[in-house]
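A short worksheet on the structure shown next.
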């Protein structure tokens with residue numbers, strides 16, 4: 001495997017149970033690509049007078065509302081009651097028994113602010129569910145992280161990001177328990193439009209240029225229509241180009257408002273949405289793998305009793321910013337569009353596509369270990385595997401649709417469709433199939 005450098009740059013790392021101590025400290029800001037962007041209503045350590053909450057799922061809000069570690073762990077169990085079941089349902093213990101645990105790989109999650117108690121939350125969750133101790137690092141490549149005080153929470157909803165961070169790392173660790181996890185925390189609240197995204201892309205760029213991660217997971221998004229112009233998201237593509245050049249796959253959530261999404265004026269999740277279909281960025285970017293949400297059908301023994309169905313709030317769309325990439329040409333007759341279609345794949349998302357995204361990121365970590373090195377850009381291989389179906393570990397989703405808030409969405413059907421992409425995966429078969437396809441080229 002390629003040697004990883006700067007794993008704990010501008011942050012702290014722990015190799016066994018113990019806390020990180022980064023927040024509120026002076027952290028070296030990393031100089032990365034300069035991008036000229038319109039002025040944003042950014043919320044930093046100096047709060048504005050208007051409450052602008054991030055666009056995060058309900059589970060993140062519920063988890064982050066708890067001020068104690070024990071409370072957040074209990075909230076994770078309540079909000080994601082199926083999580084240990086999902087580990088079994090996806091069959092990953094079979095891979096663990098073969099030594100495929102994510103060992104020697106690194107998954108990075110990018111979140112505004114992060115959680116200063118993330119290590120304790122993960123430790124407590126591990127103890128409760130019999131998982132091995134995690135290897136967790138926290139870095140702040142885009143600048144010092146403000147402390148989420150009660151006053152700041154009232155202004156920007158930073159508790160939601162604490163909950164999102166905890167959800168991200170628990171999802172990764174539950175599928176790839178031996179993977180090193182990096183939280184790349186950023187100092188500006190990502191809400192809608194440009195706000196917070198430049199700092200997040202700086203973090204992605206830092207992860208890529210310093211080869212810190214094997215997989216990067218992004219559980220956030222904003223509609224392309226929330227940018228000043230539909231071409232503006234491309235100004236942030238530099239980070240994804242550098243990740244692709246470094247051989248690092250990036251996975252991103254497709255959104256939690258069905259076929260529509262939040263407007264700039266929305267102060268709650270799906271509180272004020274567009275009256276038409278919109279695509280969420282960065283999920284709409286052809287340089288990332290877009291992950292939607294599905295729902296597993298399980299019995300009391302955590303065995304799948306029927307094919308997964310589409311999660312009805314899962315984001316799905318045709319991009320207005322990005323043309324159809326070449327690797328989607330073979331599904332053009334299905335999408336009937338010259339534009340990029342999303343999602344590409346789905347995972348369990350009953351707690352939002354921000355649950356599904358790190359789950360798939362963790363599956364890619366398992367594949368990275370089996371591959372013995374970086375996977376590179378995975379979409380080309382994914383779209384070659386898709387038509388092979390179950391033989392390649394692709395589980396078709398043929399039921400469900402995502403019409404929400406009066407906006408007609410997309411329906412799942414046999415094979416590839418806009419609503420669910422190729423469907424979901426059976427990691428036991430998908431992980432080795434993906435590695436073989438990548439090796440074939």
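The values are calculated or read from the model by the stated rules, or taken from the named source; none is laboratory data. It should be emphasised that the depicted structure is a prediction, and the values quoted were computed from it without experimental measurement. Glycine also receives a Cβ, built like all others from the backbone with ideal geometry; neighbour counts cover every protein chain displayed.
Filtering region 206-223 to residues that are outside any loop (DSSP other than H, G, I, E, B) and crowded, with 24+ Cβ neighbours inside 10 Å leaves 206, 207, 208, 215, 216, 217, 218, 222, 223. For the condition surrounded by fewer than 15 Cβ atoms within 10 Å (Cβ to Cβ), assigned to a loop (DSSP other than H, G, I, E, B) and either at pLDDT below 85 or in contact with a strand residue (DSSP E or B) (Cβ under 8 Å, 6 or more places away or on another chain) (or both), residue 42 does not qualify. Test residue 242 against the criterion of being touching a strand residue (DSSP E or B) at 6+ places or on another chain (Cβ under 9 Å), in contact (Cβ under 8 Å) with a residue 12 or more places away in the chain and assigned to a helix (DSSP H, G or I), and give yes or no. Considered against the rule, which asks whether it is touching a strand residue (DSSP E or B) at 6+ places or on another chain (Cβ under 9 Å), in contact (Cβ under 8 Å) with a residue 12 or more places away in the chain and assigned to a helix (DSSP H, G or I), residue 242 comes out as no.
Looking for whichever is touching a helix residue (DSSP H, G or I) at 6+ places or on another chain (Cβ under 9 Å) and under 16 Å from residue 359 (Cβ atoms) here; the options are 393, 415. Which one fits? Residue meeting the stated conditions: 393. Can you find a residue that is at pLDDT 85 or above, part of a strand (DSSP E or B), touching a strand residue (DSSP E or B) at 6+ places or on another chain (Cβ under 6 Å) and surrounded by fewer than 22 Cβ atoms within 10 Å (Cβ to Cβ) anywhere in region 133-140? Among the residues of region 133-140, at least one is at pLDDT 85 or above, part of a strand (DSSP E or B), touching a strand residue (DSSP E or B) at 6+ places or on another chain (Cβ under 6 Å) and surrounded by fewer than 22 Cβ atoms within 10 Å (Cβ to Cβ), which makes the answer yes. Tell me yes or no: at least one residue of region 96-107 is assigned to a helix (DSSP H, G or I), over 24 Å from residue 204 (Cβ atoms) and touching a residue at least 40 places away in the same chain (Cβ under 8 Å). There is at least one residue in region 96-107 that is assigned to a helix (DSSP H, G or I), over 24 Å from residue 204 (Cβ atoms) and touching a residue at least 40 places away in the same chain (Cβ under 8 Å). Checked against (1) under 22 Å from residue 389 (Cα atoms); (2) buried (at least 20 other Cβ atoms within 10 Å of the Cβ); (3) modelled with pLDDT of 95 or more; (4) touching a helix residue (DSSP H, G or I) at 6+ places or on another chain (Cβ under 7 Å), residue 316 passes all but condition (4). Screening residue 123 against (1) part of a helix (DSSP H, G or I); (2) touching a helix residue (DSSP H, G or I) at 6+ places or on another chain (Cβ under 6 Å); (3) modelled with pLDDT of 90 or more leaves a single unmet condition, (2). Would you be able to say whether some residue in region 229-236 is modelled with pLDDT of 95 or more, crowded, with 22+ Cβ neighbours inside 10 Å and closer than 29 Å to residue 425 by Cβ? Yes, there is a match, as at least one residue in region 229-236 is modelled with pLDDT of 95 or more, crowded, with 22+ Cβ neighbours inside 10 Å and closer than 29 Å to residue 425 by Cβ. Scanning region 300-317 for residues that are more than 13 Å from residue 400 (Cα to Cα) and part of a loop (DSSP other than H, G, I, E, B) gives 300, 301, 302, 303.
Answer yes or no: is there a residue in region 322-331 that is under 17 Å from residue 412 (Cα atoms) and touching a residue at least 60 places away in the same chain (Cβ under 8 Å). Yes. Considering only region 77-104, how many residues are modelled with pLDDT of 95 or more, more than 19 Å from the chain's Cα centre (by Cα) and on the phi > 0 side of the Ramachandran plot? Looking only at that region, the number is 2. Only a single criterion out of (1) surrounded by 16 or more Cβ atoms within 10 Å (Cβ to Cβ); (2) assigned to a loop (DSSP other than H, G, I, E, B); (3) touching a strand residue (DSSP E or B) at 6+ places or on another chain (Cβ under 8 Å); (4) touching a residue at least 60 places away in the same chain (Cβ under 8 Å) is not satisfied by residue 264, namely (3).
Residue 167 falls short of the stated requirement of being assigned to a strand (DSSP E or B) and modelled with pLDDT of 90 or more.
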